Amino acid sequence: MPASDRALTLTRIAAAAAADRLAHDIVALDVSEHLVITDVFLICSAPNDRQVRAIVDAIEEKMRQQADVRPVRREGDRDARWVLLDYVDLVVHIQHSEEREFYSLQRLWKDCPSVPLGEIVAEHAAAAARDASTAPA
């Protein structure tokens, strides 16, 4: 059974929020055939702890505003090297680039189909990059 419509909606919201904060390598995997605890893993990364925190905050804010949901569990917040946000249907992994490379979640779940995010991520990343380039120094 593929990911639920709710999971896909939450995934799009979270991916757009991550892209707004210039997250790297945003990937969504439909894990519904392999796990009973969630439908989708959203994985993204950032080159430093501060940006990891900014991405986490942006995702939580957009999920509250657009879907009226809060994570049922949040882990890894103290070190901001790998933060997990559990929205039941969706689990978001925001990783420092070094952790992303070391743990390689995409490789572990390579059997799972990806959830297309192309234009959502591209649009939000382009807008965020434009905003960053026009911001006062």
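Quick one: R64 ticks every box in (1) crowded, with 18+ Cβ neighbours inside 10 Å; (2) under 22 Å from E123 (Cβ atoms) except a single one, so which number is it?
Tallying (1) crowded, with 18+ Cβ neighbours inside 10 Å; (2) under 22 Å from E123 (Cβ atoms), R64 fails exactly one: (1).
Can you pull out the residues in the stretch 75-96 that are at pLDDT 95 or above, surrounded by fewer than 19 Cβ atoms within 10 Å (Cβ to Cβ) and either among the aliphatic types (A, V, I, L, M) or under 17 Å from R21 (Cβ atoms) (or both)?
L84, V88
Whether any residue in the stretch 16-29 is touching a residue at least 24 places away in the same chain (Cβ under 8 Å), β-branched (V, I, T), surrounded by fewer than 20 Cβ atoms within 10 Å (Cβ to Cβ) and under 25 Å from D111 (Cα atoms) is what I want to check.
Yes: the stretch 16-29 contains one or more residues that are touching a residue at least 24 places away in the same chain (Cβ under 8 Å), β-branched (V, I, T), surrounded by fewer than 20 Cβ atoms within 10 Å (Cβ to Cβ) and under 25 Å from D111 (Cα atoms).
Name the residues in the stretch 27-75 that are among the aliphatic types (A, V, I, L, M), part of a strand (DSSP E or B) and out of contact with any Asp or Glu (no Cβ under 7 Å at 6 or more places or on another chain), would you? First the steps, then the outcome.
Taking the stretch 27-75 and keeping what is among the aliphatic types (A, V, I, L, M), we get 27-29, 31, 35-37, 40, 42-43, 46, 52, 54-56, 58-59, 63, 67, 69, 72.
From the residues that got through so far, the ones that are part of a strand (DSSP E or B) too are 27-29, 40, 42-43, 46.
If the condition is that a residue be among the aliphatic types (A, V, I, L, M), part of a strand (DSSP E or B) and out of contact with any Asp or Glu (no Cβ under 7 Å at 6 or more places or on another chain), then V27, A28, L29, L42, I43, A46 are the ones that fit.
Got a sec? Which of I37, I43 is at pLDDT 95 or above and among the aliphatic types (A, V, I, L, M)?
Checking each option against the conditions leaves just I43.
Are any of the residues in the stretch 104-118 hydrophobic (A, V, I, L, M, F, W, C), at pLDDT below 95 and assigned to a helix (DSSP H, G or I)?
Among the residues of the stretch 104-118, at least one is hydrophobic (A, V, I, L, M, F, W, C), at pLDDT below 95 and assigned to a helix (DSSP H, G or I), which makes the answer yes.
Pairs please, first residue from the stretch 90-102 and more than 18 Å from A28 (Cβ to Cβ), second anywhere and of a type outside the set (S, T, Y) and in a helix (DSSP H, G or I), Cβ atoms under 9 Å, 6+ apart in sequence or on different chains.
Within 9 Å, the pairs are H96/D49; H96/Q51; H96/V52.
The values are calculated or read from the model by the stated rules, or taken from the named source; none is laboratory data. All values derive from a computational prediction rather than experimental measurement. Positions of Cβ are generated from backbone atoms using ideal geometry, with glycine treated the same way; all protein chains shown enter the neighbour counts.
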